[in-house]
Amino acid sequence: MKNLFVKIAAVGLLMLVPAIAQAAEGYSTANVNMRAGPSTRYPAVAVIPAGSSVEIRGCLSDVNWCDVEFYGGRGWVSGQYVQALYQQRRVYVGPQYYRPLDIPMIRFSVDNYWDRYYRNRDFYRDRDRWSRGPDYYYRDRDNRDRDRNNRDRDRDWRDRDGRGQDRDRDRNRDWRDDNRRDDRRDNDRRVFDCRPGDPSCDP
């Protein structure tokens, strides 16, 4: 029985070794935003103060962005703001140091990453649009804003036009009322101003 526990513990340790090996210690070189994806266009999820220690969980091979852990939170930071200790000196994290520092090259998927770390964030509800990439999200948002502005402008124009028509109707009604009053005044004047024998009063 004792041997069984030892074997289980050994297997458990062996399973932990790859996880431990797949994280390198790094340091932020400035107050930098940790973002929800590998681009400055993704939402910021935290600010990492200059000199803070971060765990580098992996980096992309095509762009210099790394998935880091900071105080239990996860997010992405550009490698130009992260240094790691290599041969007794600090170096900026870049593709040439991934292998010597045991930093795995990884891929990024909004769906998987956000499901794991950002379900409680406000931006998570827009995950479907973000999954097409930040450029698509912003283009889509700009189009939606433009459509909304056009709809507002059309509504304002219709409201203004409607009020303008009402004003024209009111103006026309006032003009007709004024004419009627003038006609009545003229009729009244005809009645009261006429004197017997006045030729202007003859029908």
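The values are calculated or read from the model by the stated rules, or taken from the named source; none is laboratory data. Nothing here was measured: the structure is a model prediction, and the numbers come from that model. Please note: Cβ atoms are built from the backbone with ideal geometry, for glycine as well, and neighbour counts cover all protein chains shown. Ligands, DNA and RNA are excluded from the accessible area calculation, which covers all protein heavy atoms including side chains. Shrake-Rupley method; radii C 1.70, N 1.55, O 1.52, S 1.80 Å.
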| query | Which of the residues that make up segment 94-108 are open to solvent by less than 20 Å² (accessible area, probe 1.4 Å) and over 19 Å from Asn33 (Cα atoms)? | reply | Tyr98, Ile103
| request: Determine which member of the set Tyr86, Tyr117 is within 20 Å of the chain's Cα centre (by Cα) and either open to solvent by less than 50 Å² (accessible area, probe 1.4 Å) or among the aromatic types (Phe, Trp, Tyr) (or both). | output: Tyr117
| request: Have a look at Val47, Val77 and point out the one that is at pLDDT 95 or above, open to solvent by less than 30 Å² (accessible area, probe 1.4 Å) and either under 27 Å from Arg121 (Cβ atoms) or in a strand (DSSP E or B) (or both). | output: Val77
| Do we find that Val91 is surrounded by 13 or more Cβ atoms within 10 Å (Cβ to Cβ), assigned to a strand (DSSP E or B) and either on the phi > 0 side of the Ramachandran plot or without any contact (Cβ under 8 Å) to a residue 12 or more places away in the chain (or both) in this structure? | yes
| Asp111 being surrounded by fewer than 11 Cβ atoms within 10 Å (Cβ to Cβ) and under 23 Å from the mean Cα position of the chain (by Cα) | no
| Output for segment 52-74, where each listed residue is touching a Pro at 6+ places or on another chain (Cβ under 7 Å) and outside any loop (DSSP other than H, G, I, E, B) | Gly58, Trp65
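Condition check: at pLDDT below 95, exposed (fewer than 13 other Cβ atoms within 10 Å of the Cβ) and within 21 Å of Val47 (Cβ to Cβ). Does Gly72 satisfy that?
For Gly72, the condition - at pLDDT below 95, exposed (fewer than 13 other Cβ atoms within 10 Å of the Cβ) and within 21 Å of Val47 (Cβ to Cβ) - is met.
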